[in-house]
Amino acid sequence: MKRHLPLALAILMAGAQATLLVATARDKSDTVDEDIYLPAAAILWAHRDFGVNPDSPVLPKWAFALALRVVEPELDATPPELARAENYVLWYQGRARVERVLLAARLTTIVVTVLAGLLLWRIALRFGPVPGAVTHALWCFSPTVLAAGSLATLDASVTGMIIGLIWATARFLEGPRWPRALAVGVFAGLAVACKITALGAVGLAVLACAWRARRAAAEAGRPWVRPTLGVALLAGAAGMLTLWSLYGFTVGRVGGVPVPFPAWITGALLQVRHGARGHRGYLFGETGLGGWWYFYPVALALKTTLGAQALAAMLVVAWLLRRPRGKDLLLDAALLAYPALLLIVMSTGRTQLGLRYILPAYPFAMLWAGRTFPSLRALGGHWGLTAGALALVGGTAGALRVHPHYLMFFNSWIGGPERGPQYLVIGDDIGQDQRRLADWQAEQGLSSIYYTWYSGRPEYWGIAYSAPPCRPQSGVYALEAIEVHRPRRIEAGCLDWLTVEPPDERIGYSIYIYRVDRDRAQRLRNVTSRVPFWKRNIDRRD
């Protein structure tokens, strides 16, 4: 029975994660990215048009399309234009159909997330049952993983394929064989068919396999050049062939040159240009296009559970005390190389849209944490391990405390999700709580509200609304946090007359509710200093 305990625990945690993901997927309305990915997936299915939404690679969209076909038999009749396809897929039969379509597509992401977690556990078992359990727990109860894993977006899919790439690479390093090099290439192709951020992991995996082939040849006393190049070429060819097959073996011109999978290449170039051009970001009360070199370290500090941070701190101290040498040091470097590379590349870019962009680094960091966990004995033997276990449990509890609002998770360093958006809101509020707002409006018996919508079609969820005025006026106001802190659809400063005061309540942490009666409207008209409440909070904290 003891022998089967690790498997039973892994199945239990995977089941718990699946339950949390499905509940979250059911709770959340459409998000700004899903409003693009799902119609693009429908067009892909109906017309095999790879050029629609080319900056989002094709593998997740194939999965979304298959799920949509199950719940929508007429998917083949999808119009070929993106705007018309959005109406056809999402917005023509009311709320019940939108919920059904969203859940179907999101279930594909959920399946990938749960299976990837089990594979990650299987990889970590190489270091022992305790490292396996720790790694799996970190994956199953990370708020960032739970947020991405419950939506029909790309981030969980690319991370899942990278976990497959780690598994295939580990098997090749354990026993270099040509079929295993082929598997590395297949997972490389699957990963880059989800998102171009996988390219760094693919490059490092191929280098690791080439290094192992060289070493095996040297140990056998054979020339090393041919097997080293052969492994790299086989993995590269398998990756390209896998990617090309997912793009229907299409050939086209990019820059006047005929190339395979032209839509992927075009999309990759678009992503590079977008990263160089920048995107309107938000950090510490400032909006900017240029990005901040410290954005991702700050995001990790604010959106990682305190338990996980405490565990990481203990593991680093234990690692320093242990002073690994030789193979141990090489393995640590291999596990942390891609997270470091991705963090540097994304930090130097000008497009910074939340932790989901560095989610592919999480499995490597979690494997390192699991592998290093037994070294906590250096901090006091049994007591060191107990402290690590308590930190792990505390991190899990901190994540579950905000269920199902994982997108809006912020830790207690800045006051939790109630205060987090004042400091960081990019990629956190993406329109996910419109269903809750509609239910709230119905419960309150409000025929109409003022609403700063951010994405989708709020009326299909049952929200009756109009745009809020830029001067004090009585009524009930529902303000998306992103439109308060980094306005896009309303004029900057338009609602400063209202946000001089904190909201009366919050829906899902992402929508601020204000009730303004006639007396309050008159009082707000007489306010002379219209500094929003959140700017005053940041200034005081600084």
Separation of the W62 and V254 label points, Cα + 7 Å toward Cβ, nm = 1.8
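Give me the net charge for the shell around P421: Cβ to Cβ below 9 angstrom, other residues only, Lys and Arg +1, Asp and Glu -1.
Numbers: positive: R419; negative: E418, D428, D429.
Surrounding charge for P421 is -2.
Note the direction-averaged projected area, equal to a quarter of the hull surface, for the Cα convex hull of segment 478-542, in nm². Mind dumping the intermediate values first?
On the way: hull surface 19.5 nm².
Hull-based average projected area comes out at 4.9 nm².
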Contact order relative to length of the chain, as percent, for alpha carbon pairs under 8 angstrom and 6 or more apart = 16
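Applying 1/(1 + (r/R0)^6) with R0 = 35 Å to the Cβ-Cβ distance of S347 and L269, what FRET efficiency is obtained, to the nearest 0.05?
On the way: r = 21 Å, r/R0 = 0.61.
Once the sixth-power term is evaluated, E becomes 0.95.
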Here FRET efficiency (C-beta to C-beta, V527 to E418, R₀ 25 Å, nearest 0.05) is 0.65
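Would you compute, from DSSP H runs of 4+ residues alone, the mean residue ellipticity of the chain at 222 nm, taking -39500 (n - 2.57) per run and dividing by the full residue count, rounded to the nearest 500? Could the numbers behind the result be given before it?
Numbers: 23 runs with 321 residues, N = 542.
Roughly -19000 deg cm²/dmol at 222 nm, from the helical runs in the chain.
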How many percent of all Cα-Cα pairs in the chain sit more than 30 Å apart?
-> 53
Dipole magnitude of segment 337-474 about its Cα centre (Cβ charges: Lys, Arg +1; Asp, Glu -1), debye to nearest 20 = 400
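Under a Cβ-only charge scheme (Lys and Arg +1, Asp and Glu -1), can you give me the dipole magnitude of segment 434-541 about the Cα centre, in debye to the nearest 20?
Numbers: 18 positive and 13 negative charges, 78 e Å.
Charge dipole of segment 434-541: 380 debye, to the nearest 20.
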Within segment 85-121, whose backbone N sits under 18 Å from a point 7 Å along Cα→Cβ of D76?
-> 89
Stokes-Einstein diffusion coefficient of segment 135-238, Kirkwood radius over Cα pairs, 37 °C, 0.692 mPa s, in µm²/s | 228
Which of the cysteines found in the chain have nothing to pair with, since no other Cys Cβ lies under 4.7 Å from theirs?
-> C140, C194, C209
Ranking of K327, K303, K535 by count of other Cβ atoms within 10 Å, fewest first | K327, K535, K303
Residues of segment 330-348 with amide N under 11 Å of the 7 Å Cα→Cβ point at W293 = 348
Using every pair of alpha-carbon atoms in segment 434-541, split the distances into 5 Å bins beginning at 0 and state the percent of pairs per bin, rounded to integers.
-> 2, 12, 24, 25, 20, 11, 4, 1, 0
Rounded Å value of the spacing that divides the Cα centres of segment 383-460 and segment 271-301 = 21
Expressed to one decimal in nm², the mean projection of the alpha carbon convex hull of segment 70-197 is 10.2
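Lys and Arg at +1, Asp and Glu at -1: add these up for the other residues within a Cβ distance under 12 Å of P324 and post the number.
Details: positive: R322, R323, R325, K327, R371; negative: D328, D332.
Neighbour charge sum, excluding P324 itself: +3.
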Take L343, L424, L5, L75 and order them by how many other Cβ atoms sit within 10 Å, fewest up front.
-> L5, L343, L75, L424
State the antiparallel share, in %, of DSSP beta bridges confined to segment 434-541, rounding to the nearest 5.
-> 65
In degrees rounded to 10, the 0-90 angle between helix 178-192 Cα long axis and the longest Cα principal axis of the chain is 10
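Could you size up the charge dipole of segment 2-400 around its Cα centre, putting +1 on the beta carbon of Lys and Arg and -1 on that of Asp and Glu, and report it in debye to the nearest 20? Before the final figure, lay out each step's value.
Details: 36 positive and 19 negative charges, 305 e Å.
Once rounded to the nearest 20, the dipole reads 1460 debye.
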Count of Lys pairs (Cα-Cα under 25 Å; at least 8 positions apart or interchain) in the chain = 6
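Taken together, the values in this text are just the output of simple stated rules run on the coordinates, not laboratory data. Remember, predicted model here, so these are calculated numbers, not experimental data. Because the Cβ atoms are built from the backbone with ideal geometry, glycine has one as well, and the counts that use them run over all protein chains shown.
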